[in-house]
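Before any comments, here is the structure.
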Amino acid sequence: MRFANREEAGRALARELHGRVGTDAIVLGLPRGGVVTAAAVAESLQLPLDVVVSRKLRAPHQPELAVGAVAEGGARWVDRALAREVGMDADDIEAAAQAEQAEVQARVALFRGGPLTGLTGRTVVLVDDGIATGATVEAALRALRPLHPARVVVATPVAARESLLRLQEEADEVIAVLLPELFLAVGAFYDDFRQVTDAQVQALLAGRHVPRHDHGPHHPVQLEVAGALLAGELELPTTCHGVVLFAHGSGSSRHSPRNREVAAALRMLGLGTLLFDLLSEEEGAWDARTSALRFDIPLLTRRLVGAIDWAGARSDVGELPLGLFGASTGAAAALGAAVLRPDRVQAVVSRGGRPDLCTEPLSRVQAATLLIVGEADAGVLALNEEAFEQLTCPRKLAVVPGATHLFEEPGAMDDVVRLAGRWFVERLSALRRALYSRPTPPSMQTPSGQTRESETPPPR
């Protein structure tokens, strides 16, 4: 037997679970693929959905072989015999665990925005799309036990027998639809086992009634800036740790799908977002015909500075720490605005930006600045490398493997979302205090490979 895809596998798993868990249960998926299966289970059984984040500790030169895993709350499971067999000593294990724990923290922030809560006395159904070594499930179980669930049921469409037997010692119950005699790989039991993106996980979670940060009401706004009336959208979570203003690129608007994807992820972290048009409706129509204003960086910078002042004058934004996210020419405006409002802007992220067009000296930027560029966007990459050398603020250059200027490649925007989210989490001080007791190390492993990064640390 094979499953057509993760959704079909989840529905088959739900049939196995029917009558074995009560209405007080909650379904937790292991990102990423396990969340797709878990969402189908939750929908079939009419149960809430959330995630528990766990990451493999990979063997050197054998990235598919897990010698252990780490999970939320510092939970850890290690197969020390296997680690010795592949040549990993205690120091190697510790180094791998520290790196992966940083990624766990980043994904918790991205997917949920805070610690997992509300499990006391409830049945937890822990779902993955398949169990090979079971390392990530073992670590997840260790993360769940301190939260005092009444019962933990591990559920999966397909599992290796040996791993299933071991998990029976840790979980209250283990359920698998398939338990094949010959188990080669999880993907061998699916017709469609394509990679799942962070954006897909976020979309699935956003559609469930799960206790998480309230995204708050949507507020269409109008900004009057130097006599121009600019349309915008302000969204503030109920508990808001900071606000990020978006400066779109040439020829774009507040409706930019890529900027909106980043904004949605930031709101899941407890950050407010302001997406607005840098041009008035009349100016935008004229620019669409002539392209006369989209490269007027002094004008765009003044508009962004005006938006910063407008936000600061609002009682619901007030003195919250501010960040700027700029794309293409909008990045030049964001860097210029950071120079002109150094006391208000604490962090800047540039996506495929043109920092070379900034009308203010880059050496005067004080806000911590992250430059994100696609590896295949050769011309813009060279301009960002030059800008990186001119910046004297805390700064980082992150190169997304294989990505072109619009980051249209599979997984490229996921990398942008994760990099930007972590940067704002770490740099906007109110959010940093709320979510972390210590800074997260800067290293980051991406699904598409190792994102190349250059950084200067902030002053202590």
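Where a number appears in this text, it was derived from the coordinates with a stated rule and is not lab data. Just so you know, these numbers come straight off a predicted model, no measurement behind them. Don't worry about glycine lacking a Cβ; one is built from the backbone with ideal geometry, like all the others, and counts go over all protein chains shown.
Things to note:
- Dipole magnitude of the chain, debye to nearest 20 (Cβ charges: Lys/Arg +1, Asp/Glu -1, about Cα centre): 800
- Length added when fully stretched, Arg20-Glu408, from 0.36 nm per residue minus Cα-Cα: 135.4 nm
- Length available on full extension from Arg260 to Ala150: 0.36 nm per residue minus the Cα-Cα distance, which gives 35.7 nm.
- Prolate/oblate/rounded call for the chain, Cα gyration tensor, a/c under 1.5 rounded: prolate
- Peptides ranked, highest mean first, by Cβ atoms within 10 Å: ranges 131-142, 367-378: 131-142, 367-378
- Relative to the current alpha-carbon distance between His219 and Thr392, full extension at 0.36 nm per residue lengthens the span by 58.6 nm.
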